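Worksheet: the structure to be examined is printed underneath.
The values are calculated or read from the model by the stated rules, or taken from the named source; none is laboratory data. Just so it is clear, the model here is predicted, and its values are computed rather than measured. So basically every Cβ, Gly included, is an ideal-geometry build from the backbone, and we count neighbours across all protein chains shown.
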Amino acid sequence: MSLDSDISLLSRIPLFGELNAEQVRLLAFSAAHRELRVDEILFREGEDATSGFIVASGEIALSRGEGKAKKTLASCEVGSLVGEIALFIATKRPATATATRLTDVIEINRALITRMLNEYPHVALRLRAALSERLTATVSELGRVKQALDRIDRPAARR
């Protein structure tokens, strides 16, 4: 892929929506491409996570477990950001990521994001606000799920 197509793809990622054109260009220029063959593993569940990946072409399946206990959790298509939390904090991979077809990913490591946030503190503040909004929405949604599960459990408890 060309630098221009990488810039175009990165600018469509919601997390990077707070970046201006120059910052997206820096991100695209500093990122690395990685090509994966069918069934090639991008990362394994439990590994240290130091970067996030944007699916530039192809598809990545996220799964947990192995063998007969393996469960597919999600399918990540073009434009998906996989491993977002690793861009900001040291963590372990919660799932295994495997290419389901010929796939190209753009790898962005935490050191690059940290450098950008240090060089552009106003971006750090905007990203913090955006992530805070998303976390608040997630917590709210979990509250609704809990209420729905409670309604399901109540009739069962009366029996």
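Among all residues of segment 9-20, there is none that is loosely packed, with under 12 Cβ neighbours inside 10 Å, in contact with a Ser or Thr (Cβ under 8 Å, 6 or more places away or on another chain) and either at positive phi or not basic (Lys, Arg) (or both).
Taken over segment 58-68, the criterion of being more than 23 Å from Phe16 (Cα to Cα), outside any strand (DSSP E or B) and not acidic (Asp, Glu) is satisfied by Gly65, Gly67, Lys68.
Condition check ((1) among the small types (Gly, Ala, Ser); (2) surrounded by fewer than 10 Cβ atoms within 10 Å (Cβ to Cβ); (3) modelled with pLDDT of 75 or more; (4) in the same structural domain as Gln23 (by TED's automatic domain parsing)) across all residues:
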| position | (1), (2), (3), (4) |
| --- | --- |
| Thr114 | no, no, yes, yes |
| Ala124 | yes, no, yes, no |
| Ala129 | yes, no, yes, no |
| Glu133 | no, no, yes, no |
| Thr136 | no, no, yes, no |
| Leu142 | no, no, yes, no |
| Arg151 | no, yes, yes, no |
| Pro155 | no, yes, no, no |
| Arg159 | no, yes, no, no |
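Only one of the numbered conditions (1) touching a His at 6+ places or on another chain (Cβ under 8 Å); (2) on the phi > 0 side of the Ramachandran plot is violated by Ala56, and that is (2).
Considering the conditions (1) under 30 Å from Ser63 (Cβ atoms); (2) touching a helix residue (DSSP H, G or I) at 6+ places or on another chain (Cβ under 6 Å); (3) not β-branched (Val, Ile, Thr), Ala124 is excluded by exactly one of them, (1). Looking only at segment 21-39, filter to residues that are among the acidic types (Asp, Glu) and in contact (Cβ under 8 Å) with a residue 60 or more places away in the chain; which one of those is surrounded by the most Cβ atoms within 10 Å (Cβ to Cβ)? Only one residue fits best here, namely Glu35.
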